[in-house]
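K.L.:
Sharing a structure here in structure tokens format.
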Amino acid sequence: MSIRQQVMVLYLKSSALDTGVVAWAFYDGTGKTSHMSGDQAEVPYKTGLHALRDGWRLIQASPLVTHAQGSEFQTDYLKYEFFFEKLVEDDS
């Protein structure tokens, strides 16, 4: 058996892990599932905290960056990005 990595990226409403998920992506290093970003209708977890409680390990959180004055309400990239990983046994 070998260990493979699964990676999940959650974009949250704010920098707090207990806020809601607004977008996500999932990548499966085992090859057992094949997903593209945005191809799932159901959010995988309600919050980042729910992912932690399910065994996902947080490996990166976005740094907090202050908005430039006057741009607080402009649409831009999703800035509250959190990377999670789970190591799973693969019997291939």
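K.L.:
When only residues in region 77-86 that are farther than 14 Å from residue 44 by Cα and aromatic (Phe, Trp, Tyr) count, which is surrounded by the fewest Cβ atoms within 10 Å (Cβ to Cβ)?
P.N.:
77
K.L.:
Looking at this structure, is residue 31 free of Cβ contacts under 8 Å to residues at least 24 places away in the same chain, in a loop (DSSP other than H, G, I, E, B) and more than 15 Å from the chain's Cα centre (by Cα)?
P.N.:
On the way: free of Cβ contacts under 8 Å to residues at least 24 places away in the same chain: no; in a loop (DSSP other than H, G, I, E, B): yes; more than 15 Å from the chain's Cα centre (by Cα): yes.
Criteria not met by residue 31.
K.L.:
Give the residues of region 3-28 that are closer than 24 Å to residue 64 by Cα, of a type outside the set (Gly, Ala, Ser) and either part of a strand (DSSP E or B) or modelled with pLDDT under 90 (or both), sorted by residue number. Talk me through it step by step, then tell me what you get.
P.N.:
To start, the set of residues in region 3-28 that are closer than 24 Å to residue 64 by Cα comprises 7-26.
Next, from what is left, pick out any that are of a type outside the set (Gly, Ala, Ser): 7-13, 17-19, 21-22, 24, 26.
Within region 3-28, 7, 8, 9, 10, 11, 12, 21, 22, 24, 26 meet the criteria.
K.L.:
A follow-up question, please. Tell me which of these residue 89 doesn't satisfy, since it passes every other one: (1) surrounded by fewer than 14 Cβ atoms within 10 Å (Cβ to Cβ); (2) part of a helix (DSSP H, G or I).
P.N.:
Evaluating residue 89 over (1) surrounded by fewer than 14 Cβ atoms within 10 Å (Cβ to Cβ); (2) part of a helix (DSSP H, G or I) leaves (2) as the failure.
K.L.:
Looking only at region 50-73, which residues are among the aromatic types (Phe, Trp, Tyr) and either without any contact (Cβ under 8 Å) to a residue 40 or more places away in the chain or part of a helix (DSSP H, G or I) (or both)? Break it down into steps so the answer makes sense when it comes.
P.N.:
Let us first name the residues in region 50-73 that are among the aromatic types (Phe, Trp, Tyr), namely 56, 73.
Of everything in region 50-73, just one residue is among the aromatic types (Phe, Trp, Tyr) and either without any contact (Cβ under 8 Å) to a residue 40 or more places away in the chain or part of a helix (DSSP H, G or I) (or both), namely 73.
K.L.:
How many residues does region 1-35 hold that are small (Gly, Ala, Ser) and more than 21 Å from residue 78 (Cβ to Cβ)? Before the answer, list the steps.
P.N.:
So in region 1-35, the residues small (Gly, Ala, Ser) come out as 2, 14-16, 20, 23, 25, 29, 31, 34.
From the residues that got through so far, the ones that are more than 21 Å from residue 78 (Cβ to Cβ) too are 2, 29, 31, 34.
Within region 1-35, residues that are small (Gly, Ala, Ser) and more than 21 Å from residue 78 (Cβ to Cβ) number 4.
K.L.:
Also, I was wondering about something else. Kindly establish whether residue 79 is of a type in the set (Lys, Arg), out of contact with any Cys (no Cβ under 9 Å at 6 or more places or on another chain) and in a loop (DSSP other than H, G, I, E, B).
P.N.:
Numbers: of a type in the set (Lys, Arg): yes; out of contact with any Cys (no Cβ under 9 Å at 6 or more places or on another chain): yes; in a loop (DSSP other than H, G, I, E, B): yes.
Yes; evaluated as a whole, the condition is true for this residue.
K.L.:
Do we have residue 31 as modelled with pLDDT of 90 or more and surrounded by fewer than 11 Cβ atoms within 10 Å (Cβ to Cβ) here? Give the steps one after another, and end with the answer.
P.N.:
Details: modelled with pLDDT of 90 or more: no; surrounded by fewer than 11 Cβ atoms within 10 Å (Cβ to Cβ): yes.
Taking the combined requirement at face value, the residue does not satisfy it.
K.L.:
Residues to consider are 46, 13; find the one that is among the basic types (Lys, Arg) and touching a residue at least 40 places away in the same chain (Cβ under 8 Å). Working first, answer last.
P.N.:
Values: 46 fails: touching a residue at least 40 places away in the same chain (Cβ under 8 Å).
Result of the check over 46, 13: 13.
K.L.:
Residue pairs, Cβ under 6 Å, 6 or more apart or interchain, first in region 74-88 and within 13 Å of residue 7 (Cα to Cα), second of a type in the set (Val, Ile, Thr) and buried (at least 16 other Cβ atoms within 10 Å of the Cβ). List them.
P.N.:
Pairs that qualify, where the first residue is within 13 Å of residue 7 (Cα to Cα) and the partner is of a type in the set (Val, Ile, Thr) and buried (at least 16 other Cβ atoms within 10 Å of the Cβ), are 83/9.
The values are calculated or read from the model by the stated rules, or taken from the named source; none is laboratory data. A quick note: this is a predicted structure, and the numbers were derived from the prediction, not measured. Cβ: placed from backbone, ideal geometry, glycine included. Neighbour counts: every protein chain shown.
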